[in-house]
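Below is one structure; the comments refer to it alone.
Only the coordinates and a few stated rules stand behind these numbers; no lab work does. What you are looking at is a predicted structure, and each value in this text was computed from that prediction instead of being measured. So basically every Cβ, Gly included, is an ideal-geometry build from the backbone, and we count neighbours across all protein chains shown.
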Amino acid sequence: MTTKELEKFALEIRLATVECIKSRGFGHIGGSLSVCDALAVLYGDIMNVDPKNPAKPDRDKFVSSKGHAGPAVYATLALKGYFPKEQLLTLNQPGTNFPSHCDMNKTPGVDMTTGSLGQGTSEAVGLALGDKLQGRNCTTYLMVGDGEANEGQVWEAAMFTAAKKLTNLVWLIDWNKKQLDGYVSDILEPFDFEEKFRAFGFDACTIDGNDVAQLKEALSKKATDKPIAIILDTVKGKGVTEVEEAAGNHSMNVGAEVFDGWIEEIKGKLAALEA
Amino acid sequence: MKIVYNGEKDSRQFKNVIGETVEALLKADDKVVWLDADLMGCSGTNKIKDDRVINCGIAEANMAGIAAGLSAAGMKPYAHTFGPFASRRCYDQVFLAAGYAKNPITMIGTDPGITAAFNGGTHMPFEDVALYRALPEATIFDITDVPMLEAALKMAKDMPGVKYIRVPRKDSYQVYEDGAEFTPGKAVVLREGKDGVIVASGIMVHEALQAAEKLAKDGIEMAVIDPITIKPLDVETIRAYAEKTGLVVVAENHNYIGGLTSAVQDAVCGMALKFGYVAVEDKFGEVGPVDYLRTQYDLTDDHIVKVVKGLK
Ligand SMILES: Cc1ncc(C[n+]2csc(CCOP(=O)(O)OP(=O)(O)O)c2C)c(N)n1
Ligand SMILES: [Mg+2]
């Protein structure tokens, strides 16, 4: 896809994400919006997947270890044609296949069940290792929250990834600076993620994680002898001004008319892009 | 003990009560420490300005180990996160560093069982009580209402061993009078009845009282008992009512395996009586509104009525 096409896809994902959360009236909007650009590039350009055959063993895989980004993942999968888009409007309704947190047994196209922060990292290691041991030529992409990186398990999985030279696993850190109670640096200062990953044995870089061109370039790189870790410098709530600016934007509960305003903002950007 | 239950929702939210009670405890005792795991907004402690309120980040196992260390250093730590993470996620740390090493700590797990609602199956502990029951010398409070929460938080401070307090974040129905005092291991009889006894804890106390009311209309007089602590369990009181009435039904917001149902079964083992339960049938959690989940897992007053009538 061209940069413009990827930008459009990212906006469409944002739009469907907000519509999905609007259907329930509340949800994890901040951390969903920050990863839309990465999802657009992964599913739009990088990953070898087949919506008609979601379980194809040698597909590339995606694990959102920050399981609460479910709405953005579901929006992406719907737009890719894994299931009808209307189904997004059943988020968290009784009997839904679209729960707050990603569930591989419920949603077609979701590769791993997550929600207990930290755990998706080891699960992704297992997926990548399993593919490697079975001689499959495919890659697993792992999205980790910057708050989530408080968990020791994240670093156990990181150490394993590099120590075992698991180059078919690409780590993405959504460095959106915020977690649930506030700023990551106020709660548990992570210092320099890039340096940390480098010290753990990764080939690490930091890019603008809300810039599809930079994402495409970084994700197109093939790992050599070290696994790749990409620190995504992002904005929590990216793409909806009010959400970006809200102090508490982890999970928001607002009226339908407020959601409509957010939807209009995204639609305006889509129209401007197409003009 | 005065029972003030009238079937109406309390206007107070549990999380605000936690915040206010903890603030008072911090003032009253300079050994008190509150640890949280990026859920201070959910425990109502985010507004407290005190060096002894510490956000450990999303690192529950580390937090539990730190709590044990603080305890060894002479402090009185409380540590909060959601129920699954206050039990499963840090069980070995709580078990060894606090329990086995005899460093008293208090773990608070919010949104137990179906009250995890929109956070779904990954966040819905039906097994936390089972884990804490298997921890020697632990005390387990399944919180029924605001006065019980306040009392449990205060009591836990100077109690030995590991204390586990499971409590929703939001609504409750007041059962006990404000300022009520409780004794661990001492149940409270909420309602007398000659035809059987319902032993219920936490959010199921309200359902049990509603069920008893409905059953009374049909001429079935059920006693209702709140054990206050699931461990230690007031075996004496439960056995006395089992003996007197010959029919026991347990109601809990938890898997029937390992929780209050199992505890009561252990208590009445060997007695000739009819036994039933209203609890989760060994299933995982799922996402949805609490009212939907209540019917999905049959944790309702009507189901209690059905189980009691089925045994009659
Ligand atoms: C083990 C665990 N502890 C706590 C939570 C509750 N929780 C859900 S999201 C969140 C904050 C996550 O912050 P971050 O990883 O930075 O995510 P993002 O900013 O991308 O939303 C917390 C504490 C959880 N889901 N799992
Ligand atoms: Mg974050």
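Once you have the Cα-Cα distance between B:A134 and B:L273, take 0.36 nm times their residue separation minus that, and quote the gain in nm to one decimal. Intermediate results must be reported in sequence, preceding the final value.
Numbers: separation 139, 0.36 × 139 = 50.04 nm, distance 2.62 nm.
Extending this stretch completely gives an extra 47.4 nm.
Go through region A:12-23 residue by residue and turn each phi into a ³J(HN,Hα) via Karplus (6.51, -1.76, 1.60, θ = phi - 60°); whole Hz please, and just put x for glycine and proline.
5, 5, 4, 4, 5, 5, 5, 5, 4, 5, 4, 4
What does the charge dipole of region B:14-167 about its Cα centre add up to, to the nearest 20 debye, if the Cβ of each Lys and Arg holds +1 and the Cβ of each Asp and Glu holds -1? Write out the running numbers ahead of the final one.
On the way: 15 positive and 18 negative charges, 36 e Å.
The dipole magnitude comes to about 180 debye.
Computed FRET efficiency, Cβ-Cβ of B:Y292 and A:K267, R0 35 Å: what is it to the nearest 0.05? Mind showing how you got there, number by number?
Details: r = 33 Å, r/R0 = 0.93.
After rounding to 0.05, the efficiency reads 0.60.
Working only with C-alpha atoms, what are the Rg and Dmax values of region B:1-147, expressed in angstrom?
When restricted to the Cα atoms of region B:1-147, Rg and Dmax are 15.3, 45 Å.
Can you list which of the trypsin sites (Lys or Arg not before Pro) found in region A:150-205 are DSSP loop residues with at most 15 other C-beta atoms within 10 Å? Kindly include the intermediate steps, with their values, before the conclusion.
On the way: sites: A:K164, A:K165, A:K177, A:K178, A:K196, A:R198; in loops: A:K164, A:K165, A:K177.
Sparse-neighbourhood loop trypsin sites (Lys or Arg not before Pro): A:K164, A:K165.
Quick one: Debye curve from the C-alpha atoms of region B:168-257, no solvent, what's log10 I(q)/I(0) at q = 0.25 Å⁻¹?
-1.40
What's the lysine pair count for region B:188-311 at a Cα cut-off below 27 Å, pairs eight or more apart or interchain?
The number of close lysine pairs in region B:188-311 is 26.
Hey, what D do you get for chain A in µm²/s if you plug the Kirkwood alpha-carbon radius into Stokes-Einstein at 37 °C and 0.692 mPa s?
Values: Rh = 18.4 Å.
Rounded to a whole number, D works out at 178 µm²/s.
What distance in nm separates the two pseudo spin-label positions at A:K4 and A:T224, each 7 Å out from Cα along the beta-carbon direction?
Going from the A:K4 label point to the A:T224 one covers 3.7 nm.
Can you figure out the FRET efficiency of B:M1 with A:F26, using R₀ = 45 Å and their beta-carbon distance, to the nearest 0.05? Mind dumping the intermediate values first?
Details: r = 39 Å, r/R0 = 0.86.
Efficiency, from the Cβ-Cβ distance: 0.70.
Ratio of chain B's C-alpha Rg to 2.2 N^0.38 Å, to two decimals? Don't jump to the answer; show the numbers that get you there.
On the way: Rg = 18.5 Å, N = 312, 2.2 N^0.38 = 19.5 Å.
Normalised Rg, Cα atoms only: 0.95.
Would you mind telling me which residue in B:D234, B:D50, B:D298 has the biggest mean-square fluctuation in a Gaussian network model of chain B, where springs connect alpha carbons within a distance under 10 angstrom?
Of the options given, B:D50 has the highest mean-square fluctuation.
Give or take rounding to whole Å, what are the principal axis extents of the alpha carbon atoms in region A:70-216, in descending order?
Rounded to whole Å, the extents work out to 45, 43, 31 Å.
Along its principal axes, what span do the Cα atoms of region A:184-275 show, with the longest given first and each in whole Å?
Extents along the principal axes, in whole Å: 51, 39, 14.
Can you tell which of B:G41, A:P71, B:N6 lies farthest toward the positive end of the dipole of the protein assembly as shown, using +1 and -1 charges on the Cβ of basic and acidic side chains (Lys, Arg; Asp, Glu)?
The one lying farthest along the dipole's positive direction is A:P71.
Based on the Cα coordinates of region B:98-153, what is the per residue volume of their convex hull in Å³?
Details: hull volume 5.3 nm³, N = 56.
Roughly 94 Å³ of hull volume per residue.
Each label point is 7 Å from the Cα along the Cα-to-Cβ direction; what then is the distance between the points at B:K102 and A:L133, in nm?
4.4
Divide by every residue of chain B the summed helix terms, -39500 (n - 2.57) for each DSSP H run of at least 4, and state the resulting mean residue ellipticity at 222 nm, rounded to the nearest 500 deg cm²/dmol. Present the calculation step by step, with values, prior to reporting the outcome.
Values: 11 runs with 106 residues, N = 312.
Calculated from helices alone, the mean residue ellipticity at 222 nm is -10000 deg cm²/dmol.
What is the pair-distance distribution P(r) of region A:1-139, computed from all Cα-Cα distances in 5 Å bins starting at 0, with each bin given as a whole percent?
2, 11, 20, 24, 22, 13, 6, 2, 0
In whole Å, what are the Cα extents of region B:139-194 along the three principal axes, biggest one first?
Principal-axis extents of the Cα atoms in region B:139-194, largest first: 37, 27, 18 Å.
Report, in whole Å, the centroid distance computed from the Cα atoms of region A:233-275 and region A:100-146.
Result: 28 Å between the Cα centres.
For region B:70-110, which trypsin sites (Lys or Arg not before Pro) are in a loop by DSSP, counting at most 15 other Cβ atoms within 10 Å? Could the numbers behind the result be given before it?
Details: sites: B:R88, B:R89, B:K102; in loops: B:K102.
When the trypsin sites (Lys or Arg not before Pro) of region B:70-110 are filtered for loop state and at most 15 Cβ neighbours within 10 Å, B:K102 remain.
How long are the semi-axes of the equivalent ellipsoid of region A:166-218, defined as square roots of 5 times the Cα gyration tensor eigenvalues? Whole Å, largest first.
Working: eigenvalues 93, 51, 17 Å².
That gives 22, 16, 9 Å for the three semi-axes.
Apply 1/(1 + (r/R0)^6) to the Cβ-Cβ distance of B:A24 and A:K106, taking R0 = 56 Å, and write down the FRET efficiency to the nearest 0.05.
Values: r = 44 Å, r/R0 = 0.78.
Taking R0 as 56 Å, the efficiency between B:A24 and A:K106 is 0.80.
How large is the dipole of chain A about the Cα centre if only Lys and Arg carry +1 and Asp and Glu carry -1, each at its Cβ, rounded to the nearest 20 debye?
Charge dipole of chain A: 960 debye, to the nearest 20.
Given 5 Å bins starting at zero, what is the percent of C-alpha pairs of region B:188-311 in each, up to the one with the largest pair distance?
P(r) over region B:188-311, rounded to whole percents: 2, 12, 24, 25, 20, 10, 4, 1, 0.
Can you list, bin by bin at 20 Å, the percent of alpha carbon pairs in the protein assembly as shown, starting at 0?
For the protein assembly as shown, the binned pair fractions read 21, 49, 27, 4, 0 percent.
So how strong a dipole does region A:1-70 carry about its Cα centre when Lys and Arg Cβ are +1 and Asp and Glu Cβ are -1, to the nearest 20 debye?
Numbers: 10 positive and 9 negative charges, 55 e Å.
That gives region A:1-70 a dipole magnitude of about 260 debye.
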